[in-house]
Each structure stands twice: as C-alpha cells, then as structure tokens.
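Below is one structure, written out as structure tokens, with a few remarks after it.
The values are calculated or read from the model by the stated rules, or taken from the named source; none is laboratory data. Computed from a predicted structure; not experimentally measured. For neighbour counting, all protein chains shown are included, and Cβ atoms are generated from backbone atoms with ideal geometry for every residue, glycine included.
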There are 4 protein chains.
Amino acid sequence: MYITIDEEDKRPVYRQVADEIKGLIASRELREGVALPPVRQVAADLGVNLNTIAAAYRELKKEGLLIVKHGSGAIVSTSSAQAVRKDADLRKPLRAALAQMVLAGLSRSEVLAAVDEEMRALLKNHA
Amino acid sequence: MYITIDEEDKRPVYRQVADEIKGLIASRELREGVALPPVRQVAADLGVNLNTIAAAYRELKKEGLLIVKHGSGAIVSTSSAQAVRKDADLRKPLRAALAQMVLAGLSRSEVLAAVDEEMRALLKNHA
Amino acid sequence: MYITIDEEDKRPVYRQVADEIKGLIASRELREGVALPPVRQVAADLGVNLNTIAAAYRELKKEGLLIVKHGSGAIVSTSSAQAVRKDADLRKPLRAALAQMVLAGLSRSEVLAAVDEEMRALLKNHA
Amino acid sequence: MYITIDEEDKRPVYRQVADEIKGLIASRELREGVALPPVRQVAADLGVNLNTIAAAYRELKKEGLLIVKHGSGAIVSTSSAQAVRKDADLRKPLRAALAQMVLAGLSRSEVLAAVDEEMRALLKNHA
DNA sequence: GTGGTCTAGACCACG
DNA sequence: GTGGTCTAGACCACC
C-alpha cells in the first residue's frame, strides 16, 4: 500500500493518510474485504507516531469505509460504497476546488479536461 | 454579500468566510475593484467576533485577492486571477472531491453532471 | 516633483509620500531652501485626500526635514542634514533589508552591487 | 533564541518578532530543520500575549519560512531561501534604508562600512 | 505537551 | 468610520 506524507501539506497527517487510503479504495486499488496493513507497520513505514495512523483508521471506520476487528486488523468494508454522504457534503469541496481553478485562470475546457483525467485515474479499476 | 457559516463544517470560521468570498470573486459576483463590506458589519451580520472576519480579510490580502486600504476599506484586487496561481496544487482538492463522490457511489455521468452544474454557476457572470 | 503612489504597497499612503520626498531630499533633487508644492496641489495630482498629504508634510516637519511656514507653504530645511537619527534607528532597517536579500539567495557580491547602484543614484547630485 | 521587542519601533510587535526570526534564519543562527521554541514560551519570555507570537509564526508559515506541525511544534523550512524570492521588491527597503543614512549625513564610505559590517554578521555562519 | 481558533473588549492608526 | 493590533482567557485539535 503506497502512501506518502507531504510535510508542506496543510492538512494534519492523520487526514492525509485517511484521504490517501480513501483514494485507494475509491480507485479500487484496495478492494472490499481486503486487509489493511497493521497500524504499527504503516507508522514505521511512514516514520510517524503510531497514534497518528490509529487516528486515520478510526476516522475511516467512523466514515464506514473500514471494519476494524479488535485483535485482527482492519479490512475494507464490503459496504464501503454505501458509506454515502449528504449531497451538500459532496458539493462543497467540489465547488471550492473548481472555484480555485477558475480563479487561477483555467478555462472551462481546461477544468473539464482536468476533471476527466482525474476521473479516468479513479475509475480505471472499475468494472 | 451573501455568506453563510456552517457549524458542521470542520474548517475554521475565518477560512470558511475567506473561501466563500473567494468563490464570489471566482464567479464574478464580486468584481475587481468592488468594495467589500466593513469588517464590523460582516461580523455583526454573521454573529461572530470582529477578529474572526478580520482574520478572513487578512488571509485574502495575503493571498493577493484583496487590496486593503487602511482606513478606507477593502477592494477586490485587479490582479486577483494571477494571485491564486502561486497557491499550491490545484489538483489535490479536485482529486479529493472527486474521490469522495465516487466513493459515495455516484456514477461517472452523475459526477460529470455535478461538475457541469457547478461550472455553470461559476461561469454565469463571465464574459 | 515626481511622486508616485503604489496601491499594492503595504505602507500607508502618507508614509509612501513622506519617504519619496525624503529620497528626493537625500538625492538633492530637492535642495535646501526650495519650496515644496502646496498640499492641495499634491493631493490633487495624486488623487488622494488632502489630509493624507498634510500628514506626510507633518511627518517630515517632525523629523526636521521641512520648515512649514503657516500661510506660505513649506520649504526644505537648511539643516536637513542634521536631522540625524540614532545609529540604531539607521541600522535596523538596513539589517532587515540586507537579511531579506540574503534570504532570497543573493550572494554577497550581488548584494554589494545592488547597494553600490542605489548609492550612485542617491549621490549623483552631490558635490 | 534571542529576540527583543522595541517599544519605540513603529512596526507591530508580531511583525518585529517575525522579522527578527527571519534575520536569525538569514544569518543561519537558526538552521533548516531546527525546531523553534513553543509559542507559549516565547510569549512568556517576551512578556506578550500568546496570540501575538502565534501571529508571528503564522506570518512566517504563510511566507514559507516555517513548517508548522500541529501538535509538535514548528521547524525552519528546508526551502526557506526560495520562499522569500516571491516577496515583493527587495530594492525598496534597501533604497529607503540607504536614503535615511545619507540624509543623516553619513558619507559614502561610512555607509559602505556599515553595509559591510552587517553583511559580515549575516554571513558569518555561512559556508 | 504542542499549535489553532474564537470571544470580548480596549485602543491605535489611517483617511 | 475604516481596518489593525493587542490582551486575557477559554476551548479545541493534534501527536
């Protein structure tokens, strides 16, 4: 499981980790039922505190993406797709991301091209 | 100037306000040279402390979107477009937003429809 | 008397004006005894409030560079040179300016070249 | 970390602190990767409010000189040098500082000696 | 323990 | 009347 931490990134480390795992699940590089590596191993790999990774897993569990089985690790929830959020929650980050790009001077077609590219990456493992 | 604060939102209030104003500038509801309402008025309208809004304005000033003239208010910078370019990766927030939607179970076409809708809203005031 | 105001500049307008006049005196483009243009005219030329220019003149008077004769305008003080400041006051801005350049990656010789260039401009009207 | 606040100085306290730290970084008394003292400690040492120092750190973070890791302190950015380049004109503060010295009656050689002395102090820790 | 945010309210600087 | 700064003190988020 390839994850990287960006020191310059403003988000807290645990969110970065959670978001990256979320991305891996969305793109099906991590499929339903698959076991995630132990918290301690990920922590060691990334050189961060154990608590930080534990917080990331806890976050994903709260969002319904992970099933954490005490004593035997965490697996990707079989119902991860249903971990649906309210439409508003989905729209706000989308709007902010698009507004940022428009402000940066990107044209409509440039933005759409970027969206298309990202969607391809996300969906390349989907049926 | 219509702005709302969402208590559920995890971003700090001053960031929410800054981001909303950024959105208004991107969609040209606030155009270059236009004066923003006084800090104190916005604070009163939203029911938050003066300092919180002052922090939002300072943020936008630092990002080059606002020109604040001490004693005579703040106006939208004439170079607001270029200002954002130096801001880090435009892709990261986009990717995160799209991943979230895919995870929520939205199909490719549903996502694209949402993107299209938001882009229309953003660009409706553009030449 | 050529003065320009930079809207992007962080300094208050009255300080920008005062500093520019100070530079003109230092470089002897404005010589001792010479009359400065009326506050109203400068204000009109620059398109700023009369009080702003008045504040700039007041500032320069306080620093001993100008002699303001009530009802008959202001002239450059004959003892403008003696309007000396404490050494510390002179060093702090110098140190800050140099530190900024060093941080920006300029080499020692590049910094010295810049200093030399600026000194030439300042001293070109000196005996 | 030796920092002093000058009540006579017209700059706000948080700017003074930020500028002093900037100077320490430029002169490599604070090197890349080094941890800065906690906000609360600096505040206590200088006898000012916590928020004032927090503002200084936030300033330096925005300028790219500091990497602040929430919960585990702030360190000097590894790319602190490039960070400053984008900051506005390097010449304006230099010109103002030199003009001030010339006005004070310092001769060309006296000014150059002062510059030389400051440059030595700044560069004494450089390779 | 660390930094971050927010409030309430005072006072200053600018135009 | 505008924005800016600072204090005092509470509470939250992160590691």
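Table for the structure above
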| item | result |
| --- | --- |
| Among (1) assigned to a helix (DSSP H, G or I); (2) more than 10 Å from every other protein chain (Cβ to nearest Cβ); (3) away from DNA strand F (no atom under 16 Å from the Cβ), the one test that residue A:72 misses | (1) |
| Every residue from region B:22-80 that is among the polar types (S, T, N, Q) and touching a residue at least 24 places away in the same chain (Cβ under 8 Å) | B:27, B:52, B:77, B:78, B:80 |
| Selection count where residues are facing another protein chain (nearest Cβ under 7 Å), within 18 Å of residue D:28 (Cβ to Cβ) and either outside any helix (DSSP H, G or I) or modelled with pLDDT of 90 or more (or both), scope region C:99-127 | 4 |
| Qualifying residue in region A:48-69 (condition: modelled with pLDDT under 85, at the interface with chain B (Cβ under 7 Å from one of its Cβ atoms) and surrounded by 20 or more Cβ atoms within 10 Å (Cβ to Cβ)) | no |
| Pick from region C:1-18, criterion at pLDDT 85 or above and out of contact with any helix residue (DSSP H, G or I) (no Cβ under 7 Å at 6 or more places or on another chain), ranking: farthest from DNA strand E (Cβ to nearest atom) | C:4 |
| Selection count, region D:43-75, where residues are within 6 Å of DNA strand E (Cβ to nearest atom) and either in contact with a Lys or Arg (Cβ under 6 Å, 6 or more places away or on another chain) or over 22 Å from residue A:16 (Cα atoms) (or both) | 4 |
| Test: residue in region C:19-37 that is within 15 Å of DNA strand E (Cβ to nearest atom), modelled with pLDDT of 85 or more and surrounded by fewer than 17 Cβ atoms within 10 Å (Cβ to Cβ) | no |
| Subset of region D:1-42 (residues that are in contact with a Leu (Cβ under 7 Å, 6 or more places away or on another chain) and among the charged types (D, E, K, R)) | D:22, D:40 |
| Cβ-Cβ under 8 Å pairs, at least 6 apart or on other chains, region A:1-21 side over 16 Å from residue B:97 (Cβ atoms) and among the charged types (D, E, K, R), far side modelled with pLDDT of 85 or more and part of a loop (DSSP other than H, G, I, E, B) | A:7/D:69 |
| Qualifying residues in region B:11-23 (those that are within 16 Å of DNA strand F (Cβ to nearest atom) and within 8 Å of the chain's Cα centre (by Cα)) - the one farthest from the other protein chains (Cβ to nearest Cβ) | B:17 |
| Residue within region D:89-100 that is within 16 Å of DNA strand F (Cβ to nearest atom), in contact with a helix residue (DSSP H, G or I) (Cβ under 8 Å, 6 or more places away or on another chain) and either within 22 Å of residue C:11 (Cα to Cα) or basic (Lys, Arg) (or both) present | no |
